[in-house]
Amino acid sequence: MPTILVPALAVLGLFLVSLFVGVSDVSPATILADPQALELLLVSRLPRTIALVLAGAGMATAGLIMQMLARNRFVEPSTAGTVESASLGLLAATLLAPGMAPLGKMGVATLFALLGTGLFFAILSRVPLRSTLIVPLVGIMLGGVVSAVTTFFAYRFDLLQSLGAWATGDFSGVLRGRYELLYLSAALTLAAFLAADRFTVAGLGEAFATNLGLNYRRIMGFGLSIVAMVTAVVVVTVGAIPFLGLVVPNLVSMVVGDNVRRVAPLVALGGAGFVLACDIVGRVVRAPYEVPIGTVVGVVGSALFLAILLRRRHELG
Amino acid sequence: MIEARSVSKSYGPALVVDGVSVTIPKGGVTAVIGPNGAGKSTLLSMVSRLVGMDAGTVTVDGLDVSRTPGDVLARRLSILRQEQAVTVRLTVADLVAFGRYPHSKGRPTIEDEARVEAALAWLGLDELSGRFLDELSGGQRQRAFVAMVLCQDTDYVLLDEPLNNLDLKHAVGMMRLLRRAADELDKTVVVVLHDINFASCYADTILAMKNGRLAHQGPPAEIMRPEVLRDLYEIEVDVEEIGGKRIGLYFDARG
């Protein structure tokens, strides 16, 4: 398909640029001549770049799934209480079982993310007037409540700094051996691709899904599990990346529509490309220092989000 | 044949459908009429297992709708509810293709694709097949949804107020289409209608509901009578025969 070829090549280009941008001199020439440069590439640059791709693709896909399940354009893991709940889970694991392996912490974070997002959908089903803007507002409020609880305990136990790390995505600490959990996110993203049609049908509503012989609750459960796990993995390894799940699926939707089967690969590529580009900007803009990617994505993402809001003005009513 | 036996449903304290037993014969067009709140939509939703019933059973060709697996039933019976706000941006062709999901499970064969083409053509949507749903007029969008349920190729097609938001021309077009679906494609069409005259002109059988119960059932000639309509809607409706059709004149009815 030619539509996917162009973004795929663009992401590949960004991938290569990301490998060779940084403080140390790593370039195609030096890695052949200098064993230290090769070492740096394999231990730091390549893991970082892979982490960017996996986290970006995963979070953008999670956003797409959330938008289908909530039947609303303006939800994503960070506007539905998912990220905040995952952080709370991570805090709970850190406090109650400090020696726990990252995989275990991720499990606890997933469980909390699942419960928090489930609560979001439970509240939504009880809100009588489900206007376009009420849905993300409910999510943001829920996220605020959860994050207040998290901040309280983090403050009491002197963990505010860790909390900050989970809430703001940063890839500067990614090294070989410290990002591999993200491959789980890649597997989940692929699982979402395979269930693409189901998510489209879920987006058409429960009556549509039932009419077509699909079990709506099962699709919801499956989708929410994917969203919760991807979010937990990303929060645990690199920290939350705001706006990504909102901006990328909306931009893709404007051009290609919402048929998940067609859109999901583009959303995943878009997410990867967006995060790669923001990370490169963060590394270049005041080199040799770095601006955390959460900040860059926040600035670029909110600008893009505003643009989307203005273009979609007619839909908000 | 659709058979409902003592079907009931309440929402909180309100009993919406109250022990309805009805048999809808196979073939032809059956119209469900009645005043607001009579339980028409709820009955249709229970028959199509969108809403669970509190008591009673519904069978479709002998299959109990509450026990039959959803995907098996999806090849027998399709339901189109009153159009809800669809936020998903799909093209007309993609939407219609989803009607094939119960058959293709997401792996459309050449036959599935041919049926999508046929459904698009049947509803005159060929030209619009690449357009997004949110770029269509209300009437065109309604036609796209009907194309989807026809593409599902079920023996039974249930539609809840498909004439909502349609102007006269499109309403007539829609009813002609449902009539043709029954006559040419051998579908059993069950349709909830507000306008008794559309029911009179296009249906073979009319089910009249009131206060959650089945009030009357019969061919239009039996239902389209002043005393029946008075009992149903609690207003005086004169009925005239115009061009062989019985038409209710309710526009200046006395309460």
Keeping to the range A:185-233, report how many residues are touching a residue at least 60 places away in the same chain (Cβ under 8 Å) and within 17 Å of A:GLY107 (Cβ to Cβ).
-> 12
Considering only the range A:54-82, how many residues are assigned to a loop (DSSP other than H, G, I, E, B) and touching a Phe, Trp or Tyr at 6+ places or on another chain (Cβ under 7 Å)?
-> 2
If you take the residues in the range B:36-57 that are open to solvent by less than 30 Å² (accessible area, probe 1.4 Å) and more than 14 Å from chain A (Cβ to nearest Cβ), which one is farthest from B:ILE235 (Cα to Cα)?
-> B:LEU43
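For (1) over 19 Å from the mean Cα position of the chain (by Cα); (2) over 18 Å from A:GLY223 (Cα atoms), each residue gets a yes or a no:
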site	(1), (2)
A:MET59	no, no
A:PHE74	no, no
A:GLY89	no, yes
A:ALA97	yes, yes
A:GLY104	yes, yes
A:GLY116	no, no
A:ARG130	yes, yes
A:VAL138	yes, yes
Residue tally, condition among the basic types (Lys, Arg) and either surrounded by 18 or more Cβ atoms within 10 Å (Cβ to Cβ) or within 14 Å of chain B (Cβ to nearest Cβ) (or both), over the range A:164-186 | 0
Considering only the range B:100-117, state which residues are within 10 Å of chain A (Cβ to nearest Cβ) and of a type in the set (Lys, Arg).
-> B:ARG100, B:LYS105, B:ARG107
Checking B:ALA74, B:ALA114 in turn, the sole residue that is touching a residue at least 60 places away in the same chain (Cβ under 8 Å) and over 23 Å from B:GLY173 (Cβ atoms) turns out to be B:ALA74
Filtered residues of the range B:58-78 (kept if more than 7 Å from every other protein chain (Cβ to nearest Cβ) and open to solvent by less than 30 Å² (accessible area, probe 1.4 Å)) | B:VAL58, B:VAL60, B:ASP64, B:VAL65, B:THR68, B:LEU77
For B:ARG81: the one exception among (1) open to solvent by less than 60 Å² (accessible area, probe 1.4 Å); (2) in contact with a helix residue (DSSP H, G or I) (Cβ under 6 Å, 6 or more places away or on another chain); (3) at the interface with another protein chain (Cβ under 8 Å from one of its Cβ atoms) | (1)
Looking only at the range B:84-99, which residues are more than 7 Å from chain A (Cβ to nearest Cβ) and in contact (Cβ under 8 Å) with a residue 12 or more places away in the chain?
-> B:VAL92, B:ALA93, B:LEU95, B:VAL96, B:ALA97, B:GLY99
Restricting attention to the range B:134-155, the residues that are surrounded by 22 or more Cβ atoms within 10 Å (Cβ to Cβ), touching a helix residue (DSSP H, G or I) at 6+ places or on another chain (Cβ under 7 Å) and under 21 Å from A:VAL256 (Cα atoms) number exactly 2
Would you be able to say whether some residue in the range A:221-240 is assigned to a helix (DSSP H, G or I), within 9 Å of chain B (Cβ to nearest Cβ) and surrounded by fewer than 20 Cβ atoms within 10 Å (Cβ to Cβ)?
-> no
Among the residues of the range A:238-269, how many are of a type outside the set (A, V, I, L, M, F, W, C) and within 12 Å of the chain's Cα centre (by Cα)?
-> 4
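This table checks each residue for (1) farther than 23 Å from A:LEU212 by Cα; (2) in a helix (DSSP H, G or I); (3) β-branched (Val, Ile, Thr).
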{"position": "B:LYS9", "(1), (2), (3)": "yes, no, no"}
{"position": "B:ASP18", "(1), (2), (3)": "yes, no, no"}
{"position": "B:VAL29", "(1), (2), (3)": "no, no, yes"}
{"position": "B:LEU44", "(1), (2), (3)": "no, yes, no"}
{"position": "B:GLN82", "(1), (2), (3)": "no, no, no"}
{"position": "B:VAL88", "(1), (2), (3)": "no, no, yes"}
Of those in the range A:256-279 that are within 10 Å of another protein chain (Cβ to nearest Cβ) and among the aliphatic types (A, V, I, L, M), the residue most open to solvent (accessible area, probe 1.4 Å) is A:VAL256
When the range B:164-188 is examined, which residues are found to be within 30 Å of B:SER10 (Cβ to Cβ) and crowded, with 23+ Cβ neighbours inside 10 Å?
-> B:THR188
Within the range A:187-210, restricting to residues that are among the small types (Gly, Ala, Ser) and surrounded by fewer than 19 Cβ atoms within 10 Å (Cβ to Cβ), the one that is farthest from the other protein chains (Cβ to nearest Cβ) is A:ALA187
Number of the exception - A:GLY213 against (1) facing another protein chain (nearest Cβ under 9 Å); (2) under 16 Å from B:LEU90 (Cβ atoms) = (2)
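The values are calculated or read from the model by the stated rules, or taken from the named source; none is laboratory data. Just so it is clear, the model here is predicted, and its values are computed rather than measured. We place every Cβ from the backbone using ideal geometry, glycine too, and count neighbours over all the protein chains shown. Note: accessible area is taken over every heavy atom of the protein model, side chains too, but ligands, DNA and RNA are not part of it. Shrake-Rupley method; radii C 1.70, N 1.55, O 1.52, S 1.80 Å.
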